1. Helix 296-308 versus the longest principal axis of the chain: what angle, 0 to 90°, nearest 10, using Cα atoms?
2. Could you tell me, in Å, what Rg and Dmax come out for the Cα atoms of the stretch 93-145?
3. Grab the DSSP H runs of the chain that are 4 residues or longer, score each as -39,500 (n - 2.57), total them, divide by all residues and round the 222 nm result to the nearest 500 deg cm²/dmol.
4. Which one, 139, 320, 98, has the greatest fluctuation when you compute a Gaussian network model over the chain with C-alpha springs under 10 angstrom?
5. Full extension from residue 75 to residue 180: what is 0.36 nm times the residue separation minus their Cα-Cα distance, to one decimal in nm?
6. With r as the distance between the Cβ atoms of residue 320 and residue 232 and R0 = 25 Å, compute the FRET efficiency 1/(1 + (r/R0)^6) and round to 0.05.
7. Equivalent-ellipsoid semi-axes (√(5λ), Cα gyration tensor) for the stretch 127-245, whole Å, largest first?
8. With label points built 7 Å along Cα→Cβ from the Cα atoms of residue 295 and residue 165, find their separation and express it in nm.
């Protein structure tokens, strides 16, 4: 190869390198990013992307977060006690958390606090194939139950004078087809997921709602760390306002809102997401005028339940679990966020 050819090859490499650099720079310029002055908020979901979080997706799609100068980053994954510790450490800003686990975190002095209760009741229910004739908690005696969360089951049985010794409860499975195939007689699962899956598969079901028997537990709570509440209350207020606008949008446009989940996981089935959103609407309102509202009475009942059934070690002051400060700020101008 001549020196002239080598020079031409070298020049080609330089031109290609410059072109690649220019394209990379263009990609960075065109990539979506927060505008100047926008706050980036990291929200840890309670599970994988799906209709359970439709209100937050709606707030993105409808520009409600943008109206508040906020950009939201979603984090997927199941939440347990460790996520409350990570929230307190500042790894993210908000957590869609389980009310029962929140009590456990507060019991261990983790500095976190609920700012809203999106689901007024826990979506966990007991259900069975209608053909089995199991219609009430009294019918559970002698039947096998797949129970992921025994404290709600214990509380439900306790309300009617029964105990865990009266039923055959256990197992850890997320495959609801085991109910369809008869491995279990009763399944403890989400009203907005496993119940929907079973109905969509063509089965008629009987559902036992713990709330019908006096077991009133908040479902998905929006939780933040106490330090953020003290250091940047304006951010929490703006994020909560936009989020509640999103959930209000879901309540008025459930079918449209179900489709937003597919923007985050294209493998989801639209029909299932629609049914899931429709099933969530009674949980969203739950007899309260304002979405997300909380009460000291109900949080006190949750704390008492957790203490009674040994899930926390000492009595927890329910006033340490939640704050109405930001909900009051959102709703101070009227009944809508």
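No value in this document is a laboratory result; all are computed from the given coordinates. Just so it is clear, the model here is predicted, and its values are computed rather than measured. Positions of Cβ are generated from backbone atoms using ideal geometry, with glycine treated the same way; all protein chains shown enter the neighbour counts.
1. Long axis of 296-308 versus the principal axis of the chain: about 70 degrees.
2. 16.9, 48
3. For the chain, the value works out to -13000 deg cm²/dmol.
4. Taking springs between Cα atoms under 10 Å, the residue moving most is 139.
5. 34.6 nm
6. So the FRET efficiency works out to roughly 0.75.
7. One finds semi-axes of 35, 18, 13 Å for the stretch 127-245.
8. 3.5 nm
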